[in-house]
Amino acid sequence: MSVSADSGPSAPLRSGPVRVLGIDTSCDDTGVGVVELLPDGRVQLLSNRVWSQTVHARYGGVMPELASREHVERIDEILQDALQEAGLTVTDLDAVAATSGPGLVGALLVGLMYGKGLAQALNVPFHAAHHLEGHIFAAASEAELRAPYLALVVSGGHTHLFDVPRDGEYRLVGATMDDAAGEAFDKIARLAGLGYPGGPAISEAAMRGDPNAVPFKEPLQGQKAFDFSFSGLKTAALLAHRGGARAEDLAASFQRAAVSFLVKTTVRAAQANERRTVVVSGGVAANGALREAFRATGLNVVFPGKGLNTDNGAMIALAGAAAIRAGRPASALNGSATAYAPLANA
């Protein structure tokens, strides 16, 4: 089948397993993973390899140009590692998916163009994947995701709450009004001198601190909507730090307040939308206190498997497999990366 400049081959026939390669270079992690879509609709994770860039630690945040360069230098190696882990060669692939947005445009372009070129060279379908949909489908490694359900994507760049009434349909019901939750973790960890990235640093320090030492007030009390805000918690943390609060107490108190806020808001949204299943994904979903609090709600809460919370290629492969299973057409090869790409379509 020939490949035009505008589109790739159609989806492979489902007479046997479909092996999908996923690539994510949306920020500072170079991720490549492979999944296998079986004829009965089940998906098996074959590999997940991630190169986490360390060059940004000295700056306390991601430097976009450095991130792009690191992706260029590492992507070949990570691809080969992912294929080796899966026990495959590149010619065994039946489809390729890559993140097209949202994210850092320069970084996105590395993986997107690499994925397109690979799909064109192999003459297989290419699927441009939405980064947030990838995070949601990361949970498909643990359970078969079938709508309806609620999805909370909570990471360094996103805090979004979606209602998913039907497969492939996303309705935004809540979002952060300022910082993303993970960004707040990073900033407070830096303020307290706990290191970067802030999520693991806060979680570790919190185990040695008093969660009631700093009396944080829960944000947006009394709201009828399902939005999030972390600016007030940041300001309170700054004042507490200036007042001499121990770093461990500050970490424990902030984590308690942030977790309570995220869980209570999500539970209210689940009740309002009559959803019993909630997907919680993104880097902050790896936080042990958050997982424990969600499990205590009585809801059917699904988290991504090990290694799939933060940005990775396997979640993009899972999103690509979902697109193939749903019969979505392959993406055009002339599409570009975009920094801002809303997922909600309803």
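The values are calculated or read from the model by the stated rules, or taken from the named source; none is laboratory data. Quantities reported herein were computed from a predicted structural model and do not represent experimental measurements. Note that we place each Cβ from the backbone using ideal geometry, even for glycine, and neighbour counts take in every protein chain shown.
When Ala319 is tested against (1) surrounded by fewer than 14 Cβ atoms within 10 Å (Cβ to Cβ); (2) closer than 13 Å to Ser141 by Cα; (3) touching a strand residue (DSSP E or B) at 6+ places or on another chain (Cβ under 8 Å), only condition (1) is not met.
Output the residues belonging to the range 171-192 that are assigned to a helix (DSSP H, G or I) and either charged (D, E, K, R) or at positive phi (or both). I'd like the intermediate steps shown before the answer.
Our first condition is that a residue be assigned to a helix (DSSP H, G or I); within the range 171-192, this holds for 181-191.
The answer is Glu183, Asp186, Lys187, Arg190.
Being buried (at least 24 other Cβ atoms within 10 Å of the Cβ) and more than 27 Å from Asp163 (Cα to Cα) is the filter here, so list the residues in the range 94-125 that pass it.
Restricting attention to the range 94-125, the residues satisfying the condition of being buried (at least 24 other Cβ atoms within 10 Å of the Cβ) are 95-100, 103, 107-108, 110-112, 115, 119, 124-125.
Within the range 94-125, Ala95, Val96, Ala107, Val110, Gly111, Leu112, Gly115, Ala119, Val124, Pro125 meet the criteria.
Of all residues in the range 162-183, those satisfying the criterion of being of a type in the set (A, V, I, L, M) and under 25 Å from Ala251 (Cβ atoms) are Met177, Ala180, Ala181.
In the range 105-115, the count of residues that are among the small types (Gly, Ala, Ser), farther than 22 Å from Ser141 by Cβ and part of a strand (DSSP E or B) is zero. Considering the range 28-46, and only residues there that are part of a strand (DSSP E or B), of a type outside the set (A, V, I, L, M, F, W, C) and over 17 Å from the mean Cα position of the chain (by Cα), the residue that is farthest from Gly305 (Cα to Cα) turns out to be Glu36. Here Glu70, Glu77 are screened, and the one residue that is within 25 Å of Ala337 (Cα to Cα) and out of contact with any helix residue (DSSP H, G or I) (no Cβ under 9 Å at 6 or more places or on another chain) is Glu77.
Can you say whether Leu88 is assigned by TED's automatic domain parsing to the domain that holds Asp24 and either in a helix (DSSP H, G or I) or in contact with an Asp or Glu (Cβ under 8 Å, 6 or more places away or on another chain) (or both), as far as the supplied structure shows?
On the way: assigned by TED's automatic domain parsing to the domain that holds Asp24: yes; either in a helix (DSSP H, G or I) or in contact with an Asp or Glu (Cβ under 8 Å, 6 or more places away or on another chain) (or both): no.
Judged against the criteria, Leu88 is not a match.
Has the range 228-237 got any residue that is touching a Ser or Thr at 6+ places or on another chain (Cβ under 6 Å), over 21 Å from Gly103 (Cα atoms) and modelled with pLDDT of 95 or more?
Start the filter on the range 228-237 by keeping residues that are touching a Ser or Thr at 6+ places or on another chain (Cβ under 6 Å), which leaves 228.
Adding the requirement that they be over 21 Å from Gly103 (Cα atoms) leaves none.
Scanning the range 228-237 turns up no residue that is touching a Ser or Thr at 6+ places or on another chain (Cβ under 6 Å), over 21 Å from Gly103 (Cα atoms) and modelled with pLDDT of 95 or more.
Answer yes or no as to whether Arg69 is at pLDDT below 95 and under 24 Å from Ala326 (Cα atoms). So Arg69 fails the test.
Let's see how each residue does on (1) at pLDDT 95 or above; (2) under 15 Å from the mean Cα position of the chain (by Cα); (3) more than 30 Å from Asp76 (Cβ to Cβ); (4) part of a helix (DSSP H, G or I):
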position: Gly244; (1), (2), (3), (4): yes, no, yes, no
position: Ser253; (1), (2), (3), (4): yes, no, yes, yes
position: Val259; (1), (2), (3), (4): yes, no, yes, yes
position: Ala293; (1), (2), (3), (4): yes, no, yes, yes
position: Gly307; (1), (2), (3), (4): no, yes, no, no
position: Arg328; (1), (2), (3), (4): no, no, no, no
position: Pro342; (1), (2), (3), (4): no, yes, yes, no
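Applying a threshold of 8 Å to beta carbon distances and a minimum spacing of six or more residues, or different chains, the list of pairs starting in the range 217-236 at a residue that is at negative phi and free of Cβ contacts under 8 Å to residues at least 60 places away in the same chain and ending at one that is in a loop (DSSP other than H, G, I, E, B) and of a type in the set (Lys, Arg) reads Gly232/Lys217; Ala236/Lys217.
Only residues that are of a type in the set (Ser, Thr, Tyr) and outside any loop (DSSP other than H, G, I, E, B): list them for the range 193-234, please.
Narrowing the range 193-234 to residues of a type in the set (Ser, Thr, Tyr): 196, 203, 229, 231.
Answer for the range 193-234, where residues must be of a type in the set (Ser, Thr, Tyr) and outside any loop (DSSP other than H, G, I, E, B): Ser203, Ser231.
Checking Ala245, Ala270, Ala314 one by one, the residue that is under 30 Å from Pro17 (Cβ atoms) and either not charged (D, E, K, R) or not assigned by TED's automatic domain parsing to the domain that holds Val164 (or both) is Ala314 and no other. The residue that is surrounded by the most Cβ atoms within 10 Å (Cβ to Cβ), among those in the range 136-192 that are closer than 24 Å to Gly232 by Cβ, at pLDDT 95 or above and not hydrophobic (A, V, I, L, M, F, W, C), is Thr159. Report yes if Ala206 is in contact (Cβ under 8 Å) with a residue 60 or more places away in the chain, small (Gly, Ala, Ser), crowded, with 19+ Cβ neighbours inside 10 Å and under 23 Å from Glu133 (Cβ atoms), otherwise no. Answer is no for this residue.
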